[in-house]
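What follows is a set of notes on a single structure, which appears directly below.
The values are calculated or read from the model by the stated rules, or taken from the named source; none is laboratory data. Since the structure is predicted, the reported quantities are computational estimates derived from the model, not experimental observations. A quick note on method: Cβ atoms are made from the backbone with ideal geometry, for glycine too, and the neighbour counts reach across all protein chains shown. Please note that ligands, DNA and RNA were not included when accessible areas were found on the heavy atoms of the full protein model with its side chains. Shrake-Rupley method; radii C 1.70, N 1.55, O 1.52, S 1.80 Å.
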Amino acid sequence: MRLLDRYLLRELLVPLCYCLWGFLLLWVSSDLFTNLGELQKQGMLARDIADYYLVKLPEFLVLVLPIALLLALLYALTNHARHQEITAMRAAGVSLWRIAVPYLGVGFLASLVLFVVNECWAPSSDERAKVITKRHQAPDPNAPGPNESRDLRFDNTRDGRRWGAGLYNRKTGEMSKVGVYPIELDVSKPWELRAERARPVDGVWTFYDVRVFKQTADTNAPPVPTLQTNVLAVPEFSETLEEINSEIKISDSMSLRAAKKADVPIKDLVNYLRLHPHLDRSRQYWLYTKLEGRLAAPWTCVVVVLIAIPFGAAGGRRNVFVGVASSIVICFVYFVLLQIGLALGTSGRVPAWLAAWFPNLAFGLAGLWMTARIR
């Protein structure tokens, strides 16, 4: 690594660390000021509160890392321009694009970090935080366990099956009070299955205390029982735990669309789309826009580098607070474009990929064009 690259990285990473710590302290202090009374009512100690904010940190980092990178980069570039350092580097034969290489490297690494955090830790942060808030509360004997869901309803439109269960364990796949039915009435399909319990055994769904029914040609007549047995393995039931869990997450996300909660990871969106190849248009628009948005979101870190270079590297003896003001304006415009794009995508007015990627494309291309015009 050249001496110039090390210098530029040091001048960027120091304000970036300050920005991240500053945003973190501001977030924790403001949230504590608002919710401290509620946290104390739940019997949480200082260690519990620290654990609570630690598990919420990935969700916070996803939101604040691009903003902190933009603010730090504009501050560093404005400071360089103010002291004529960029002018001196360019006079020595170093192009602006070469100067931007370490910044683009930081933006690329930040995007990778953001993608991993957003997929692996942020989606479960809200659920883990709720577990911490209940550490000192008396357990409800009637409440489901941490990995259990009541009244499971799971549709597999790919294979035409509908599952129902009174209690479902998301970790082991064990179900109680199970029913498996055809989604559409079809007398050629002999299975309508009811069982006391079910669980996957070596990848095969196995039912216990089972009764199997057959549909009749008379739609008003009840199904006719054809089999009753203690154990029944059904290898043609291809549903996996991952697919069933993705159904639960997607259903919760869509029913709480306006709620403030972590987003759904890409693998769950893909599993849901695999199980439901024939979705209605409104749900299809929402899911594909959500999927494209998950893919586009991490690359905001690269986009902020592209847009910050022409704003911060322009010549002139400017105050460093110009960079702060510029970051506020850029974030506001980006957020407005993002919300407009997602609204158009979920309503089906524009393709999902364009709705999700439009802010990145607009700001990235604008940054490249403005950088090319700098003399």
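Among the residues of segment 249-258, which ones are open to solvent by 30 Å² or more (accessible area, probe 1.4 Å) and at pLDDT 70 or above? Scanning segment 249-258 gives Lys249, Ser251, Asp252. Could you check, for segment 47-68, whether at least one of its residues is in a helix (DSSP H, G or I), of a type in the set (Asp, Glu) and open to solvent by less than 20 Å² (accessible area, probe 1.4 Å)? Checked against the condition, which is being in a helix (DSSP H, G or I), of a type in the set (Asp, Glu) and open to solvent by less than 20 Å² (accessible area, probe 1.4 Å), segment 47-68 yields at least one hit.
Within segment 128-163, the set of residues being within 19 Å of Gln40 (Cα to Cα) and open to solvent by 50 Å² or more (accessible area, probe 1.4 Å) comprises Arg128, Lys130, Val131, Lys134, Arg135, His136, Gln137, Ala138, Pro139. Within segment 172-200, the set of residues being modelled with pLDDT of 90 or more and of a type in the set (Lys, Arg) comprises Lys177, Arg194, Arg197, Arg199. Say whether the condition of being over 20 Å from Tyr103 (Cβ atoms), in a loop (DSSP other than H, G, I, E, B) and either under 24 Å from the mean Cα position of the chain (by Cα) or modelled with pLDDT under 85 (or both) is met by at least one residue in segment 280-292. For segment 280-292, residues over 20 Å from Tyr103 (Cβ atoms), in a loop (DSSP other than H, G, I, E, B) and either under 24 Å from the mean Cα position of the chain (by Cα) or modelled with pLDDT under 85 (or both): present.
Kindly list the number of the only condition in (1) modelled with pLDDT under 90; (2) open to solvent by 20 Å² or more (accessible area, probe 1.4 Å) that fails for Glu243. Against the list (1) modelled with pLDDT under 90; (2) open to solvent by 20 Å² or more (accessible area, probe 1.4 Å), Glu243 comes up short only on (2).
A count restricted to segment 7-46 and to residues that are surrounded by fewer than 12 Cβ atoms within 10 Å (Cβ to Cβ) and of a type in the set (A, V, I, L, M) stands at 3.
Scanning segment 153-177 for residues that are free of Cβ contacts under 8 Å to residues at least 24 places away in the same chain and not charged (D, E, K, R), we see that the one that is nearest to Glu236 (Cα to Cα) is Gly164.
For segment 335-365, residues that are open to solvent by 40 Å² or more (accessible area, probe 1.4 Å) and assigned to a helix (DSSP H, G or I) total 16. When residues in segment 78-109 are screened for being small (Gly, Ala, Ser) and over 20 Å from Pro298 (Cβ atoms), 6 of them pass.
Flag: Leu4 matches the condition of being part of a helix (DSSP H, G or I), touching a Pro at 6+ places or on another chain (Cβ under 9 Å) and either open to solvent by less than 100 Å² (accessible area, probe 1.4 Å) or without any contact (Cβ under 8 Å) to a residue 12 or more places away in the chain (or both). For first residues located in segment 103-119 and open to solvent by less than 70 Å² (accessible area, probe 1.4 Å), partners that are hydroxyl-bearing (Ser, Thr, Tyr) and lie 6+ apart or on another chain with Cβ distances below 8 Å form the pairs Ser111/Thr300; Leu114/Thr300.
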